[in-house]
Amino acid sequence: MLSSQDIEVISSNVCRDMLGLNFEVDSPSLSRPLPLQAAVRISGDYDAIVEVSTTSAAATAVTSVMCGLGPDNIGEQDLADALGEIVNIIGGNIKGALPGETTLSLPCVNLENSSDEPLSNGSTVFADFLLVNEPFRVRLSKSPRA
Amino acid sequence: MKILIVDDSKAMRMIVTRTLRQTNLQVSAIVEATNGQEALQKVESENPDLIICDWNMPEMRGIDLLQTLRQSGNAIRFGFVTSESSPAIRQLAMESGASFFITKPFTAESMETALTVLN
């Protein structure tokens, strides 16, 4: 299982280095549910779910940067696309750091005020960030074996 | 050079396009496809010089697109830009006929370095 520091490095490489976004590590706080969620599943020798969750304001700002759109020109499909791609890249890099042979699913995005509960009830590691000064969480949850 | 960018994410297609424009590659035109199946149609209709392709996509994955092209005798230059980073996947890509394999996240510098194989 990766550590929260591993997640910090991977997430920073994506959000700060590649996308050029204002991105910093924040104090962990699971008491702060975040309404928008995107996830990918890792399957194979290691089963896990990688989730990102954030606010509408952060998602809009990120989509604006990624798609080159003004905030007023961003629709739900654009938000879903941008969040899905972020979790795809973070998930792919987490997958690359895990042992064994695994596959990565296509992303699944929920823009409708999710509960922000982990999608898996296995062991979890997460990291909280400020993305464009808004809360942004990356969570890796190991799926319990059947 | 006419480039076909294949990725199911519009945001990523735009990022790849912007990054390509920051490199020294002479890009005359860019066309897009959202998956491997659509890319096959664009190869026929647009006759690109280079394909830059994601790995995981609905309908048809990037590796399946590459293998389909090569099996049909199409030697078009082809490279991956993907979040998949395992050595096994990289090896499969190169053995299937890819010229380069760029992992996400990437920068203009890392893309330029990978694209030097095209010179």
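The values are calculated or read from the model by the stated rules, or taken from the named source; none is laboratory data. Treat the numbers as computed from the prediction; the structure is a model and nothing was measured. Cβ sites come from the backbone with ideal geometry, for glycine too, and all protein chains shown count toward neighbours. What goes into the accessible areas is simple: the full protein's heavy atoms, side chains included, and nothing from ligands, DNA or RNA. Shrake-Rupley method; radii C 1.70, N 1.55, O 1.52, S 1.80 Å.
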**Report entry** Inter-chain Cβ neighbour average for residues A:83-96, partner chain, 10 Å
**Finding:** 5
Query - Over 35 Å [Cα-Cα, the protein assembly as shown], rounded percent - result: 14 percent
Query raised in the report: Simple spin-label model, 7 Å along Cα-to-Cβ: residue B:41 to residue A:130 in nm?
Result: 4.7 nm
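Per residue, how much space in cubic angstrom lies within the convex hull of the C-alpha atoms of chain B?
Working: hull volume 11.0 nm³, N = 119.
Spelled out: Cα convex hull of chain B, divided by residues, is 93 Å³.
To the nearest 500 deg cm²/dmol, what mean residue ellipticity at 222 nm is calculated for the protein assembly as shown from DSSP H runs of n ≥ 4 alone, each contributing -39,500 (n - 2.57), summed and divided by the residues?
On the way: 8 runs with 93 residues, N = 265.
Mean residue ellipticity at 222 nm (helix-derived): -11000 deg cm²/dmol.
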Query raised in the report: Which lysines have a Cα less than 17 Å from the Cα of residue A:95, not counting those fewer than 8 places away in the same chain?
Result: A:142, B:104
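How many percent of the alpha carbon pairs in chain A exceed a separation of 19 Å? Let's see the in-between values first.
Values: 4947 of 10585 pairs.
Counting pairs separated by more than 19 Å, the tail of P(r) holds 47 percent.
For the stretch A:62-108, compute the orientation-averaged projected area of the C-alpha convex hull (one quarter of its surface), in nm².
3.5 nm²
With a cut-off of 8 Å between alpha carbons and a minimum separation of six or more residues, what is the relative contact order of chain B in percent?
With pairs under 8 Å counted, the relative contact order is 25 percent.
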Query raised in the report: Helix A:76-97 versus the longest principal axis of chain A: what is the Cα-based angle in degrees, 0 to 90, to the nearest 10?
Result: 30 degrees
Report summary line: Treating every alpha carbon of the stretch A:1-79 as one equal point scatterer without solvent, the Debye formula yields log10 I(q)/I(0) values at q = 0.14, 0.24 Å⁻¹ of -0.58, -1.36
Report task. For helix A:56-67, report the angle its Cα long axis makes with the longest principal axis of the Cα atoms of chain A; keep it between 0 and 90° and round to the nearest 10°. Result -> 80 degrees
Report summary line: The computed P(r) of the stretch B:40-102 puts the percent of Cα pairs beyond 13 Å at 59 percent
Report summary line: Ordered by number, the GluC sites (Glu not before Pro) in the stretch B:1-81 that occupy a DSSP loop and have at most 16 other Cβ atoms within 10 Å are B:59
Report summary line: Rounded to the nearest 10 Å², the accessible area of residue B:28 using a 1.4 Å probe with every protein chain kept is 90 Å²
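Per residue, what accessible area does chain B have, given a 1.4 Å probe and all protein chains present, in Å²? Working shown, then result.
Working: 5180 Å² over 119 residues.
On a per-residue basis, chain B sits at 44 Å².
For peptide A:66-72, compute the average count of partner chain beta-carbon atoms within 10 Å of each residue's beta-carbon. If you can, show how the numbers build up before the last one.
Working: counts 7, 7, 5, 2, 0, 0, 0.
If you average over the peptide's residues, the count of other-chain Cβ atoms is 3.
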Query - Those GluC sites (Glu not before Pro) in the stretch A:7-57 that DSSP places in a loop and that have at most 10 other beta carbons within 10 Å - result: none
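Let's test the formula: R0 of 30 Å, r as the Cβ-Cβ distance of residue A:103 and residue B:17. What FRET efficiency results, to the nearest 0.05? Numbers along the way, then the final one.
Values: r = 28 Å, r/R0 = 0.92.
The computed FRET efficiency comes out at 0.60.
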Query raised in the report: If you find the alpha carbon centre of the stretch B:3-29 and of the stretch B:62-119, how far apart are they in angstrom?
Result: 14 Å
Query - Residue among B:66, B:33, A:133 farthest towards the positive dipole end of the protein assembly as shown, charges placed on Cβ - result: B:66
Query raised in the report: Based on DSSP, what percent of beta bridges with both residues in the protein assembly as shown are antiparallel, to the nearest 5?
Result: 65 percent
